[in-house]
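Notes for the one structure printed next.
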């Protein structure tokens, strides 16, 4: 039969194991987070330029096809949505950088 002191000692051991596991996971997160942050921060100007370039070129291509008599290979609204998606990916990339820099 377990006594009250046995119950408390088991709870403390579980708490110690949980704290140790939490500490190990936090340590691993900090070790993994820093190299990923460095690589993403280094690539940020290139990614931003690429996404904005794709957005502008797809929008201009859609407008050119819309104004010409040639049938576009991709519908106009698809090109506008791709352009909008690329523009929205830039703040998403910045939010990932902010998340990793905490």
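No lab work stands behind these numbers, since they all come straight from the coordinates. Owing to the predicted nature of the structure, the values given are computational and were not obtained by experimental measurement. In this analysis, Cβ positions are derived from the backbone assuming ideal geometry, glycine residues included, and neighbour counts consider all displayed protein chains.
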Quick one: angle between helix 76-101 and the longest Cα principal axis of the chain, in degrees between 0 and 90, rounded to 10, please.
30
What nm distance separates the two modelled labels at residue 40 and residue 69, each placed 7 Å from Cα along Cα→Cβ?
5.1
If you line up the long axis of helix 4-67 against the longest principal axis of the chain, both from Cα atoms, how many degrees apart are they, to the nearest 10?
0
Convex hull volume per residue for the stretch 20-102, taking Cα atoms only, in Å³
98
If the chain between residue 49 and residue 92 were fully extended at 0.36 nm per residue, the gain over the current Cα-Cα distance would be 14.0 nm
Residues residue 101 and residue 25, FRET efficiency given R0 of 25 Å [Cβ-Cβ distance, rounded to 0.05]
0.85
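When 82, 87, 39 are ordered from fewest to most other Cβ atoms inside 10 Å of their Cβ, what list results?
Working: 82 18, 87 15, 39 10.
Ranking 82, 87, 39 by Cβ neighbours within 10 Å, fewest first, gives 39, 87, 82.
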